[in-house]
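FYI, it's all coordinate maths here, none of it is from the lab. Since we're looking at a predicted model, the values are computed, not measured. Glycine gets a Cβ as well: all are built from the backbone with ideal geometry, and neighbour counts include every protein chain shown.
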Amino acid sequence: MPDNPTPLSAERIAYLEGLVSQARTAAAIFSQCTQEDVDRIVKPMVIAGLKQAQNLARLAVEETRIGVLEDKALKNMVATEFVYNYIKDKRTVGVIHEYPDRGIVELAEPIGVIFSLTPITNPTSTVLFKCIMAIKTRNAVIFSPHPSAWRCCSEAVKIMYETAVKHGAPEGVFTCLESHTLQDNAYLMHHKDVGLIDATGGPGAVKAAYSSGKPALGVGAGNTPVYLEKTADLDMAVVDIITSKTFDNGTICASEQTVVIDDEIYDRVLNKFAELGTHICSEKEAELLGQTVIDPTTGFMQPMAVGQKATDIARFVGIKVKPNTKLLIAPIKGVGREYPLSVEKLFPVLAVYRAHSVDEALKTCVDVNHLGGLGHTAVIFSNNDAIVRQFGNLINAGRIIVNSPGSIGALGGVYNDMVPTFSFGCGTGGGNSTTDNVNVYHYLNIKRMARRTPAHMWFRVPNQIYFNMNAVENLRNFPSRSTVIISNPPLEQIGHVDVVRRSLPPQTQVRVTIIPDAEPDIKIIAQGVEALNFYKADQIIALGGGSVIDAAKIMKLKYESPEADLEELAAPFLDIRKRVVQYPTEKVNHSRLIAISTTSGTGSEVTPFAVMTDKERGIKVTLADYSLTPDVAIVDPQFVMSMPKGLTVDTGVDCLTHALEAGVSIFASAFTDSNAMQAVRMVFKYLPEAYENPRDEEARTMMHNAACIAAIAFSNASVGVNHALAHAFGARFGIAHGRANALMLPHVIAYNASVPTKFMPSPNQRAYVAHKKYAMIADLLGLGGHTVEEKVQKLITATEQLLDKLGVPRSIAELGISKDEFEHAMPDLAKNAFDDPSWRSNPRMPLISELVELYWSAYRGRGVDQPKAAPKPSKVEEEACV
Amino acid sequence: MTTTKTPTYLEVDPDNAIRALQGVGEKLASGDETILNFSRVMRIEPGALRALEALAQAASEAAAKITLRSVNVEVYKVLKLARVASRFSFER
């Protein structure tokens, strides 16, 4: 059909609009059909196609003068029977797949109107294939066949259409453009009611489809390399290649184009080809052939050769061949424009190349692949699996066919289990959107309905926790050949180390490593690991506060897994279960870590966290992994009876903050709530007593237990924005962690209890419940109040009063930090607080401006504003809160 | 003072929808308002869809208003897909 550069006439536009309108209406009506409806239509269509296979093949050969009648009949049968066999049980209406364990349901939505271009090489088979796919997926199609295959294609469309309508498809479901121009195609490609362009054909059609701006399946040219490797079954390979390359006179674009043959088998292979009715061209014949069947200007095959018989091509070129010659084989010396026969040849001419090594063979295949064949198809014959895999990795092809014919193999369903198709997706290499064998799923919009899945939660604690006075005596239950006690100088001086040593079974070899009373650094860790290695420790006892226990956790990690990269392990993460970095599981040493806490705050004896300082880089390294959790925790109050008042307050407030933050965390669960709430209750009751009467054994015991219980809660529910603020503030101004927490705490309660500016994504929570959790805590403390708001306010007041009793500075200003100094520090404070991972489990997602506001509230101190009205509780919320 | 015409109500029988819709189209006059009750139409056939398209055209030409009442959601989606829905008013 000649190109028509003139604009479309009004009459022509009306005609095209009529086609689209008809198809749109048909598609709309079709959308009401059920799976049973479409399946009832598809089957008779397939049977009609099978019955007409030979007739349509004859029409195609007569009209196009391309290909072989018998092969085209076979293609028509594959396009119907094989495709049907693949799709018959597939669901394409309504729910098509369900994944109950993932809560995912896939539903089919038809595309509507598809504009389909079909090629000259496989005209009727492509039409049959696309009609069946369209009905199976409830779409309407406007066909635009190649102008030189219009009659046979329109006949195929008519057969499919009449059968479909007879069995219930809506009228107008298929139409075929009458004699048409490129302008017609362009008009339809850009039409707003055309949902998809399915262009099977030459590069021009594919490019036009993709240039239209519409979703398109563009399936075009290839250039199939074949590697015939020396371990291959040569008889099979030669027959397969002949079968494939001569099938329909080589018109399938997946057919073999250049066979790269190992030197060792090259002559044998060519002899076998010759024995089976192929003509091996001389060098001169090959040159002549290349000059004739390949256009020297464009470098592409001459259209007149497409789909012609080998004997006709030979006659045309002037090569003498035997009458029944099936295939012309032309040896080539290289690949590229200077070797014309190395390009795609959709006729029975096959290039062969002698390769002197595997490397040369693979490189030549890559060259062929990159000479117009990217993304399409490649073939390898080999019994060397390593080479097959290497070939697969090197070649960019949507279909890599192994030990089978390229063309029929790529069609799928005959030689392999690939999806039967008549459209080969060529991926981005071929300018296509898919590498798939195009099938029914490409004719559908697949909708995924994702149900909310309950987040998988966890609750992990040390294997054993021993608590109350003299719990250290349980050490005798832990036999060990070599125990290393890690502690610090003050604890050694007051005799705590000796208490531990005496509690161990008598036969235990005990060594003591004393580390400085400060946050550990890499050097201290390394020294500790050296001691563990020297003594071949099978048991480590950490006796101390958070710093000592954290040091012991890291020493154990490096002792057991020396290759562990602490910097890498400290990489940030959002969800501990999905973190990028995995902690080592292979261990060169095995040891038991027993943590004995000597402060009542950090709870490090049960947590999976460890903090160390990298002095060289001036940063803190926080490690978090459940493998760091001590194996045994001993919570014995005898080690805290002499704790100074200041430390009692700082650690006690830290414990309260842990409990309150775990209580409202987005990872809170019934398991963590029970611990968090109990810890809050215990702190409110016993912290003032422990502060006022340090020798009060009950108060000390309860606070020591409370710290551990709160730590169990935050080990599993994490902390929140209070900790993020305190970390940044404490680091900047050298303020003790507990004290920094105390300064923020009332303000953070008010902040979390008010309506969030931004909610945190939290699949585990069914509603925003932070304010109600605080109210629940107020109830637990017996603070009174009738509404949630009143109860929250009472909790804030009670917290203020507690902090007052403990003599904690009640504002940052009270610490002697000037307003100017604080203002100057604010950008860094806000940035560092926002970078701190602690808030990721906070119920409210803090904006940086809100962090700044919180800091200023803490600077001013007293007079916490009433929380802004929190959401009214619904039934669901109330349930969530229970 | 203006007079308001009383709307004409018509129950659409799914077995006789085409004829009913054609009948409405033929009788439309300027300013008419017709309410078609679709509550019994569970699935729309091609002929009825074409008749609705023609009715929309006729109503537009006659400056008449057609309201479709109680349209089943499946049928409503077909009208949307066929780009017919925007040419009618709908009520529950």
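What the Cβ-Cβ distance of B:LEU10 and A:GLU98 gives, at R0 = 41 Å and to the nearest 0.05, is a FRET efficiency of 0.45.
Peptides A:200-213, A:704-717 ranked from most to least packed give A:704-717, A:200-213, packing being the mean of other C-beta atoms within 10 angstrom over each peptide's residues. Taking the Cα centre of segment A:498-595 as origin and assigning +1 to Lys and Arg Cβ atoms and -1 to Asp and Glu Cβ atoms, the resulting dipole is close to 420 debye.
Ranked by the mean number of other Cβ atoms within 10 Å of their residues, highest first, the peptides B:82-90, A:740-748, A:77-85, A:695-703 come out as A:740-748, A:77-85, A:695-703, B:82-90. Taking the C-alpha atoms only, the angle from helix A:35-51 to the longest principal axis of chain A is near 30 degrees. With unit charges on the beta carbon (Lys/Arg positive, Asp/Glu negative), name the residue among A:VAL93, A:ILE47, A:VAL61 whose Cα is farthest towards the positive pole of the charge dipole of segment A:10-218. It is A:VAL61. Net charge of the neighbourhood of B:GLU11, taken over other residues with C-beta under 10 Å away and scored Lys/Arg +1, Asp/Glu -1, is +1. The spacing between segment A:411-438 and segment A:90-146, judged by their C-alpha centroids, is 15 Å.
Extending 7 Å from the Cα toward the beta-carbon at both A:ARG151 and A:GLU264 defines two label points whose distance is 5.5 nm.
Relative to one another, the C-alpha centroids of segment A:785-835 and segment A:687-753 are positioned 13 Å apart.
For each of A:ILE380, B:ILE18, count neighbouring Cβ atoms within 10 Å of the residue's Cβ, then give the residues from fewest to most.
B:ILE18, A:ILE380
Computed about its Cα centre, the charge dipole of segment A:296-412 is approximately 440 debye, with only Lys, Arg, Asp and Glu carrying charge at their Cβ.
If you bin all the Cα-Cα distances of segment B:8-91 at 10 Å, starting from zero, the percentages per bin are 19, 61, 20, 0.
Label-to-label distance for B:VAL73 and A:ASP575 is 3.0 nm, based on points extended 7 Å past Cα in the beta-carbon direction.
Using the Cβ of B:VAL73 as centre and a radius below 13 Å, the other residues enclosed give a net charge of +3, where K and R count +1 and D and E count -1. Summing +1 for each Lys or Arg and -1 for each Asp or Glu among the other residues whose beta-carbon sits under 12 angstrom from that of A:VAL419 gives 0. Binning at 5 Å from 0, report for segment A:464-639 what percent of all alpha-carbon pair distances ends up in each bin. In order of increasing distance, the bins hold 1, 9, 19, 22, 22, 14, 8, 4, 1, 0 percent. Calculated FRET efficiency, A:MET641 to A:ARG860, Cβ-Cβ distance, R0 = 41 Å: about 0.65 to the nearest 0.05.
The alpha-carbon of A:LYS272 sits under 21 angstrom from the alpha-carbons of these lysines, leaving out residues fewer than 8 places away in its chain: A:LYS230, A:LYS245, A:LYS309, A:LYS320, A:LYS322, A:LYS326, A:LYS333.
Run lengths n ≥ 4 of DSSP H only: what is the helix-derived mean residue ellipticity at 222 nm for chain A, with -39500 (n - 2.57) per run over all residues, to the nearest 500? Value at 222 nm, helices only, nearest 500: -14000 deg cm²/dmol. The DSSP beta bridges internal to the protein assembly as shown are antiparallel in roughly 20% of cases.
Shape index of segment A:595-691: Rg/Rh, with Rg the Cα radius of gyration and Rh the Kirkwood radius from the inverse mean 1/r over Cα pairs, equals 0.99. Our note on the geometry: Cα centres of segment B:59-92 and segment A:293-336, 62 Å apart.
What FRET efficiency do you get for A:HIS786 and A:LYS758 if R0 is 30 Å and r is their Cβ-Cβ distance, rounded to the nearest 0.05? So the FRET efficiency works out to roughly 0.50.
Just counting partner chain Cβ atoms within 10 Å, what average do the residues of peptide A:25-33 show around their Cβ?
6
Among DSSP beta bridges whose residues both lie in segment A:581-666, state the antiparallel percentage, nearest 5.
On the way: 6 of 9 bridges.
Roughly 65 percent of the beta bridges in segment A:581-666 run antiparallel, per DSSP.
Ranking A:ALA542, A:PHE822, A:ALA450 by Cα position along the charge dipole of chain A, where only Lys, Arg, Asp and Glu carry charges on their C-beta atoms, puts A:ALA450 farthest toward the positive end. Protection proxy ranking of A:161-171, A:445-455, A:289-299, by the mean of other Cβ atoms within 10 Å over each peptide's residues and highest first, is A:161-171, A:289-299, A:445-455.
What is the Cα convex hull volume of the protein assembly as shown when expressed per residue in Å³?
Dividing the Cα hull volume of the protein assembly as shown by its residues yields 261 Å³.
Taking only the alpha carbons of segment A:81-201, we obtain Rg and Dmax values of 15.7, 53 Å in that order. Take each residue in B:80-87, count the other chain C-beta atoms within 10 Å of its C-beta, and the mean is 4.
For segment A:1-147, a crude dipole built from +1 on the beta carbon of Lys and Arg and -1 on the beta carbon of Asp and Glu, taken about the Cα centre, is about 200 debye to the nearest 20.
Distance between the 7 Å Cα→Cβ label points at A:TYR583 and A:ASP89: 4.7 nm.
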